[in-house]
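I have placed the structure first, in the form of structure tokens, so that the comments after it can refer back to it.
Values quoted throughout were computed directly from the atomic coordinates according to the rules given, and no laboratory measurement underlies them. Here the structure is a predicted model, which means the values were calculated and not measured. Because the Cβ atoms are built from the backbone with ideal geometry, glycine has one as well, and the counts that use them run over all protein chains shown.
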Amino acid sequence: MTVVSEREQAADLPERWIAKAKTEIVLRLLRGEAVDVVSREVQVPAHELGAWRRTFLEAGGEGLKKRHGEGEARLLKQAQAKVGELAMQLELVELLLEKRGYGEELARLKKARGW
């Protein structure tokens, strides 16, 4: 096992942390690693690690409040309702056209378009 000096270890640490690296560090804390130990290892103040953890947990909590597929299901229901509404309007227009004497022309149009 090699001993790495603090200076060598500091050279390997980033100046800015990407979200993936922060997530890994927060997960270490959530698994029970001591904040002071992780803080020394990654050379980030303990209060900052605490802020990362709070942010992570708050965002996770928001994600759990949403129901999976809720948005898609709502959009599908709205689209189906709109299709139904348009189908009814089309039927009413066809009936009106037939009443006004345009039944034959409507039938020809439907046949030509493959309706």
(request) For ASP36 and THR23, compute 0.36 nm times the residue count separating them, minus their Cα-Cα distance, and round to one decimal in nm. (result) 3.0 nm
(request) Please work out how much length the chain gains when fully extended from ALA112 to ALA87, using 0.36 nm per residue of separation minus the C-alpha to C-alpha distance, in nm with one decimal. (result) 7.1 nm
(message) For a quick check of your reading of the filter: which trypsin sites (Lys or Arg not before Pro) in the stretch 28-59 sit in a DSSP loop and have no more than 10 other Cβ atoms within 10 Å?
(response) ARG31
(request) Select from ALA73, LEU96, LEU86 the residue farthest towards the positive end of the dipole of the stretch 70-113; place +1 on Cβ of Lys and Arg, -1 on Cβ of Asp and Glu, and compute about the Cα centre. (result) LEU96
(request) Would you kindly calculate the translational diffusion coefficient of the stretch 70-113, applying Stokes-Einstein with the Kirkwood radius from alpha carbon pairs, for 37 °C and a viscosity of 0.692 mPa s, and quote it in µm² s⁻¹ without decimals? (result) 270 µm²/s
(request) Could you calculate the contour length gain from GLU62 to LEU95, that is, 0.36 nm times the residue separation minus the distance between their Cα atoms, to one decimal place in nm? (result) 6.8 nm
(request) For ARG54 paired with TYR102, estimate the spin-label separation in nm (one decimal), with each label point 7 Å from Cα along the Cα-to-Cβ line. (result) 6.7 nm
